[in-house]
Amino acid sequence: MTIGVFDSGLGGLSVLHCAQKMLPNESFIYYADEKHVPYGEKTPEEIRLLVNDIFNFMLHKDVDAIIIACNTVTSVLTTVYRKRFPVPIIGMEPAVKKAIDIYGAEKKKILVVATPVTIKGKKLHNLMERVDSRKKVDLAELPQLVRFAEKGIFSSAQVGEYLRQALQSYDLPSYGTVVLGCTHFNYFKNEFQKLFQSAPHFVDGNEGTVRQMMRVLSLSTEAGGNGITEYYFSGKPVGGSDLKLINSCMIQLDQVFDIN
Ligand code: DGL
């Protein structure tokens, strides 16, 4: 089979990275909409138009399923919209339920970080109403992290300073868990750690999303394609320095993979 994975940019590589580990023989097509990133500050209508082109691209490539490796896109697409397409489409949302299931009994609170579109979106608020009856979850928008990730800046004084400023109104020691509700934020676990006195737990939706795709397609971990991943930036095959950027993202993801 061939699985299409897309994001506004390089954040979705964290989902791809996880999928490649879980399904080492599978074939993937990764699409980053580098021409239009970031999505997290656009209107839902603008995002839906851009995503339409990406779905059509994926269908031309004959993919068997599409993973939306982007919380922002998932938050603006309805299930009805997704059902219009002839292949399964698997979305992802901030892993608030998982965080509450695992760490909800702890004294400390849970901080969900994501893009402005996701944080303001109805979908997340509906989810919180369903699972956060004890009001343990707070939300924070961190749009600038997307821009740092796109430049391949994962660890720097600038990133640390941005996080400190953006989160200055939050009582950070009162949080024990950080939900990475934007795929671009997976790169910054080290920088988040520096901010907290004691290291928080990190929760993301990567593995859950890949498992959901495997369930939908009845795939086992031995499932096989040709084990090759093709990369596209807004429809164009990726080469040269862009490929180097993708490689440095994958190296960073390897480094932070076990930080939970
Ligand atoms: N990676 C995306 C997400 O998970 C959005 C980043 C952006 O384009 O703003 O929400």
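Over the Cα atoms of segment 166-260, what is the Rg over Rh ratio if Rh follows Kirkwood? Working shown, then result.
Working: Rg = 17.1 Å, Rh = 16.3 Å.
Computed over Cα atoms, the ratio is 1.05.
Computed over protein heavy atoms with a 1.4 Å probe, the accessible surface of segment 17-81 works out to 39 Å² per residue.
The portion of the accessible surface of the chain made up by carbon and sulfur, rounded to a whole percent, is 51 (1.4 Å probe; DNA, RNA and ligands excluded).
Computed extension length for GLN165-GLU207: 12.1 nm, one decimal, from 0.36 nm per residue of separation with the Cα-Cα distance subtracted.
Determine, from the Cβ-Cβ distance of ARG48 and LEU217 and an R0 of 25 Å, the FRET efficiency 1/(1 + (r/R0)^6), rounded to the nearest 0.05.
Values: r = 25 Å, r/R0 = 1.00.
For ARG48 and LEU217, the calculated efficiency is 0.50.
Shown in residue order for segment 200-208 are the 3J(HN,Hα) couplings computed by the Karplus curve 6.51 cos²θ - 1.76 cosθ + 1.60 at θ = phi - 60°: x, 6, 10, 10, 9, x, 5, 5, x Hz (x for Gly and Pro).
Once you keep just the Cα pairs under 8 angstrom separated by 6 or more residues, what percentage relative contact order results for the chain? Could the numbers behind the result be given before it?
Values: 454 pairs, mean separation 78.4, N = 260.
So the answer I get is 30 percent.
Taking N as the number of residues in the chain, what value does Rg over Cα atoms divided by 2.2 N^0.38 Å take? Let's see the in-between values first.
On the way: Rg = 17.5 Å, N = 260, 2.2 N^0.38 = 18.2 Å.
Output field value: 0.96.
Spin-label pair SER241-SER174: with each label point 7 Å from Cα along the Cα-Cβ axis, the two points sit 4.6 nm from one another. Label-to-label distance, ALA105 versus ASP62, with points set 7 angstrom from Cα along the beta-carbon direction: 5.1 nm.
Shown here is the pair-distance distribution of segment 95-227: with all Cα-Cα distances grouped in 10 Å bins from zero up to the longest one, the shares run 11, 39, 32, 14, 3 percent. Over the chain, DSSP H runs of length four or greater, each weighted -39,500 (n - 2.57), average out per residue to a 222 nm ellipticity of -12500 deg cm²/dmol.
Per residue, how much accessible area does segment 184-260 show when a 1.4 Å probe rolls over the protein heavy atoms, in square angstrom? Present the calculation step by step, with values, prior to reporting the outcome.
Working: 3930 Å² over 77 residues.
Counting only protein heavy atoms, the per-residue value for segment 184-260 is 51 Å².
For segment 1-49, the calculated P(r) over all alpha carbon pairs, in 10 Å bins from 0 to the bin holding the longest distance, is 25, 45, 24, 6 percent. Pairs of Cα atoms nearer than 8 Å and 6+ residues apart set the relative contact order; for segment 22-142 it is 25 percent.
The values are calculated or read from the model by the stated rules, or taken from the named source; none is laboratory data. These numbers were taken from a predicted model, which means no experiment stands behind them. Because the Cβ atoms are built from the backbone with ideal geometry, glycine has one as well, and the counts that use them run over all protein chains shown. Accessible surface areas use protein heavy atoms only, side chains included; no ligands, DNA or RNA. Shrake-Rupley method; radii C 1.70, N 1.55, O 1.52, S 1.80 Å.
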